[in-house]
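Taken together, the values in this text are just the output of simple stated rules run on the coordinates, not laboratory data. All figures in this text were calculated on a predicted structure; none of them were measured in a lab. Cβ placement follows ideal geometry from the backbone for every residue including glycine, while neighbour counts extend to all protein chains displayed.
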Amino acid sequence: MFIPKTYTVESVTSGHPDKVCDQISDAVLDACLAQDPMSRVAVESFGGHGLVVVGGEVTSNAKVDYEAIAKKVYNDIGYDQELKFIINVVQQSPDIAQGVDTGGAGDQGIMYGYATDETPEFLPTAIVKVHALAKGLEDLRKSGEIKWLKPDGKTQITVIDGVVKTVLVSTQHDADVSIEEIKAILIEKLIRPIIGDTSGIEILVNPTGRFVQGGFEADTGLTGRKIMVDTYCGLISHGGGCFSGKDPTKVDRSGAYMARFVAKNLVANGYAKQCLVSVAYAIGRAEPLMVEAVNEKGENLSEIAKTKFDFKPKSIMEELDLRKPIYLQTAAYGHFGKVNLPWEKIIKID
């Protein structure tokens, strides 16, 4: 019902400029939560061509060195370029705080959650594989197995009538390696181990023929510019708000996590093979404006969702234990399908 037979999904590596910014923002969030679990954080990062800007609003007792955090993220990914930093972080607006302090939502908005029984990750197969391709590039690089790989990269899979037809891998590389060697080695060490039999599949590797410059040297990045990669790769609706750099009072993040948690558990408990959950909030108000859940047959599961789960922001934070510094690990290769995250746990619905 929800997934078409013909579609394309994509992922990016941790070294993609947008993802570097997501990781900086979530590393700042984690640093604040580690010292003060009640921190209010809304941090955006921008990077490109030798410059990194970290800005936003933070209300916290934590003492955080924003520049040091950003440098560490950048170096841990695998970059060594010298950067200039501009830090512009201020306290959260009291007009917003007065609604959040009483348990209300930190913003208005619509959030969606989805799950399917198609894979152990409760995600469509192509989404699992496209993230695996991107993460595989990082693993092959950091392990030293392929020494000419560099941090920036993107992956893409096209499915036509339910069958994989095209696999695309673009990866940053050393200048002295040929496109023929890049393609041959990546087919052998990355693509076939993840995709399987590649006969009949068009394989594209670095279609321009060269990808030497990457990261902030070649491009700019911005927090929140890869929201489809973060969620369901465009196959399912996204409400518009990004996740990274936001503490869990921001329902853009916690509401979407709760919607995924509910959808996954409705599937895991046999109410659906596929499930879509949607929820909407008004800023400063605790009760959601709507909660909707439907399965692949079009059957309405909203009453089950509303009676078995509590969508108020404070309840979500308690149910999913969201005030812990767990967010940096979400900032690359998707926020869903990772077993160690609390919104991925499976519970029994009585």
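Over all distinct alpha-carbon pairs, what is the Kirkwood Rh of the chain in angstrom? Display every interim value, and only then the final one.
Details: mean 1/r = 0.0477 Å⁻¹.
With all distinct Cα pairs of the chain included, I get 21.0 Å.
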(message) Treating region 162-218 as a set of equal point scatterers at the Cα positions, no solvent, please give the Debye-formula log₁₀ I(q)/I(0) at q = 0.13, 0.16, 0.18 Å⁻¹.
(response) -0.36, -0.52, -0.64
(message) Which order do the peptides 167-177, 258-268 come out in when sorted by mean C-beta neighbours inside 10 angstrom, highest first?
(response) 258-268, 167-177
(message) With just the Cα atoms defining each centre, how far is region 257-310 from region 121-159? Give it in Å.
(response) 31
(request) Compute the length gained on full extension between ILE201 and ASP65: take 0.36 nm times their separation in residues and subtract their Cα-Cα distance, giving the result in nm to one decimal. (result) 44.2 nm
(request) At a Cα cut-off below 14 Å, give the aspartates and glutamates reachable from LYS84, other chains included and same-chain residues fewer than 8 away excluded. (result) GLU67, GLU217
(request) Could you grab the Rg to Rh ratio for region 108-158? Cα atoms only, Kirkwood for Rh. (result) 1.14
(request) Filter the cross-link list LYS250/LYS338; LYS246/LYS308; LYS129/LYS183; LYS129/LYS273; LYS5/LYS264 down to pairs whose alpha-carbon distance in this structure exceeds 25 Å. (result) LYS246/LYS308
(message) Apply the a/c threshold of 1.5 to the C-alpha gyration tensor of region 192-284 and tell me whether it is rounded, prolate or oblate.
(response) oblate
(request) Work out, in µm²/s and without decimals, the Stokes-Einstein translational diffusion coefficient of region 1-88 at 20 °C, 1.002 mPa s, Rh from Kirkwood over C-alpha pairs. (result) 150
(request) Name the aspartates and glutamates eligible as straight-distance cross-link partners of LYS147: C-alpha to C-alpha under 17 Å, and not fewer than 8 places from it in the same chain. (result) ASP76, ASP80, GLU138, ASP139, ASP174, ASP176, GLU180, GLU181, GLU188
(request) Name all residues of region 127-145 having a backbone nitrogen under 20 Å from the label point set 7 Å from the Cα of GLU181 along its Cα→Cβ direction, giving them as ranges. (result) 137-145
(message) Would you calculate the convex hull of the Cα atoms in region 207-336 and tell me its volume per residue in Å³?
(response) 142
